[in-house]
Every structure is written in C-alpha cells, then in structure tokens.
C-alpha cells in the first residue's frame, strides 16, 4: 500500500467517481482506508435519507481498497502525536488525528482535500488528489 484515503476523498469518489477514477486505476492495489474513515462513511450513510444507496457505494468502495485497522500501534501513535501537539498548543480533530496516526504507523501518504487539519501532524506525508496537479502539497506522489 502507498496511500491512505481520508473520508473527504472517499466521499468525493462516491459522489463523482469520474473525478478520481484515474487515480483509483493508476494506484490499484496501493490504496487503503482506515477503519476510522469507514466508521465516518457509515455514520454519514445512516444519517442520510438515501442510506441504502450510500451503503451500496460504501460496499463498492470496500472492494477497491484495503482496510487498515486502527489497532494498538495506531492508538500509541495517536497518544504520542496528540500529546506533542497539545504541548505546542495545537489541536487536531480526534477522528482526523486517528486517521493520520494510521497513516504514520503504516508509512502511508494521506490523501485528503482537507490539508489544513493535518498540516501540523509531524512526519505525515499529505497529498490532495482534488487539487490541480500543478499545485503542490507537502508530499509528492510516487508511482
């Protein structure tokens, strides 16, 4: 695996699959989502009026990606990073930091359009697949 998708990228892919289809094809077998992202997707589906349709899209997405568990190593990394950031007076939303911790533990580049919430996480590689290719994030895609 190379990339861990944030919830916003998964949602964009489910809404407009053609927008990200080329990335999913290009990186087939190298894309994952965390169980935290999966939980956020399920929560979004169950609060929506068309939950059955969204649950079907989530099932389809699960066929395209690997699932990375938020395990004890991720919990340890979460605590370490959260403590470090809090000492610096910085806060990252809990679910986002859990997703970032999974990316760090598994040495994955986090794919998100919400780079602002993640930019303070030390050592985290970020890329935004929804920005035009000539705009740079803090990590470059490597094929």
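Quick note: the coordinates plus some simple rules give every number you see, no bench work behind them. Fair warning: this is a prediction, and the values are worked out from it, not measured in the lab. No Cβ is skipped: glycine too gets one built from the backbone with ideal geometry, and neighbour counts run over all protein chains shown.
Descriptive notes on the structure:
- Degrees between helix 51-64 axis and first principal axis of the chain (Cα, 0 to 90, nearest 10): 70 degrees
- Relative packing of 86-92, 103-109, 41-47, which averages over residues the other C-beta atoms within 10 Å, highest first: 103-109, 41-47, 86-92
- Mean separation of Cα pairs under 8 Å and 6 or more residues apart, divided by the residue count, gives the stretch 3-127 a relative contact order of 30 percent.
- Computed over the chain, the per-residue total of -39500 (n - 2.57) for DSSP H runs of n ≥ 4 gives a 222 nm mean residue ellipticity of -16000 deg cm²/dmol, rounded to 500.
- The chain: most fluctuating residue of 97, 130, 26 per GNM, C-alpha cutoff 10 Å: 26
- The long axis of helix 72-87 is offset from the longest Cα principal axis of the chain by roughly 60 degrees.
- Neighbour-count order for 52, 6, 117, fewest beta carbons within 10 angstrom listed first: 52, 117, 6
- Listed residues 128, 60, 96, most fluctuating in the chain (Gaussian network, C-alpha, under 10 Å): 60
- Residue among 70, 78, 24 with the largest mean-square fluctuation in a Gaussian network model of the chain, springs linking Cα atoms under 10 Å: 24
- Fraction of the pair-distance distribution of the chain above 24 Å, Cα-Cα pairs, percent: 29 percent
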